[in-house]
1. Do we have Ser76 as of a type in the set (Ser, Thr, Tyr), surrounded by 15 or more Cβ atoms within 10 Å (Cβ to Cβ) and more than 25 Å from Thr158 (Cβ to Cβ) here?
2. Could you list, in sequence order, the residues of the stretch 30-58 that are among the β-branched types (Val, Ile, Thr) and free of Cβ contacts under 8 Å to residues at least 24 places away in the same chain?
3. Taking Asp85 as meeting all but one of (1) within 19 Å of the chain's Cα centre (by Cα); (2) acidic (Asp, Glu); (3) not in a helix (DSSP H, G or I), write down the number of the exception.
4. Does Ile199 satisfy the criteria of being surrounded by fewer than 17 Cβ atoms within 10 Å (Cβ to Cβ), of a type in the set (A, V, I, L, M, F, W, C) and within 21 Å of Val123 (Cα to Cα)?
5. Quick check, is Gln131 touching a strand residue (DSSP E or B) at 6+ places or on another chain (Cβ under 7 Å), under 25 Å from Cys10 (Cβ atoms) and at pLDDT below 95?
6. Return the residue satisfying two criteria in turn: it lies in the stretch 134-182 and is β-branched (Val, Ile, Thr) and in contact with an Asp or Glu (Cβ under 8 Å, 6 or more places away or on another chain), and of such residues it is modelled with the lowest pLDDT.
7. Looking at Asn71, Asn37, Asn30, Asn66 in this structure, which one is modelled with pLDDT of 95 or more and over 16 Å from the mean Cα position of the chain (by Cα)?
8. If the requirement is being among the acidic types (Asp, Glu), in contact with a strand residue (DSSP E or B) (Cβ under 7 Å, 6 or more places away or on another chain) and not in a strand (DSSP E or B), which of these qualifies: Glu56, Glu23, Glu14, Glu102?
Amino acid sequence: MQKIAIIIPCYNEEKRLSGAALEELHNTTNVHIYLCNDGSTDGTAALIDGFANTMERCFAIQYSKNQGKANTIYKSANALLAKNDYTHIGYFDADFSTPVSEMKRMLERLEQVPSQFIIGSRVKLLNNDIQRKTHRHFIGRAIITLVNIRLKLGIYDTQCGAKLFPVTIAAEGFTQPFKTSWLFDIELFIRLKKKGLLIQGEEFPLRHWKDVDGSKLGWKTSFKILKELLILQKL
């Protein structure tokens, strides 16, 4: 039976982290939830401790220093890999922009293809309810177009924060800290491509996805992203 660890990185998520959504996800019996606090300055630390104390398969990991989402996921993934207790490790955003109903669909798909990794894809197909802010959509499309011209990953949506990996593939993807922060997902896929593992991946079209207020991505971030694109070119 699959045993899945889901990492939810949290930085100042006191007002956005939904207890109801966590309860719904927690009801998926083969899932363990790890709420990983990235040195938050609000009440996130106490909030996730409270969730961990009331849900049997929900755990809080507290990092005292803010080091960014990429490093939080890197450290947490390696801590879970070291446990040698899970068949799969994944991560999802704390705002539940990917709703639990879609997470469960991804988990069901994972049962059908347990040796593959599954990544959410926010492609707007007929009758799919994908609600993205216009500027975020254009930034995302520009990034992946530039990446695919140079690196030829062949992935439509690298940046969706919904991903599930068999531990054997996660171990290859999280071998070392990331050199990028906004584009660490792409850096992860570059590592997997070099290992010949992209062929074991599947993009999973989400039926529902919604931008949640409070996102830290905006136009000013574009300049940081351009710098990280240059870093990726040298990997």
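1. The answer is no for Ser76.
2. Of everything in the stretch 30-58, just one residue is among the β-branched types (Val, Ile, Thr) and free of Cβ contacts under 8 Å to residues at least 24 places away in the same chain, namely Thr54.
3. Evaluating Asp85 over (1) within 19 Å of the chain's Cα centre (by Cα); (2) acidic (Asp, Glu); (3) not in a helix (DSSP H, G or I) leaves (1) as the failure.
4. For Ile199, the condition - surrounded by fewer than 17 Cβ atoms within 10 Å (Cβ to Cβ), of a type in the set (A, V, I, L, M, F, W, C) and within 21 Å of Val123 (Cα to Cα) - is met.
5. The answer is yes for Gln131.
6. Ile144
7. Result of the check over Asn71, Asn37, Asn30, Asn66: Asn66.
8. Glu102
The values are calculated or read from the model by the stated rules, or taken from the named source; none is laboratory data. What you are looking at is a predicted structure, and each value in this text was computed from that prediction instead of being measured. Glycine gets a Cβ as well: all are built from the backbone with ideal geometry, and neighbour counts include every protein chain shown.
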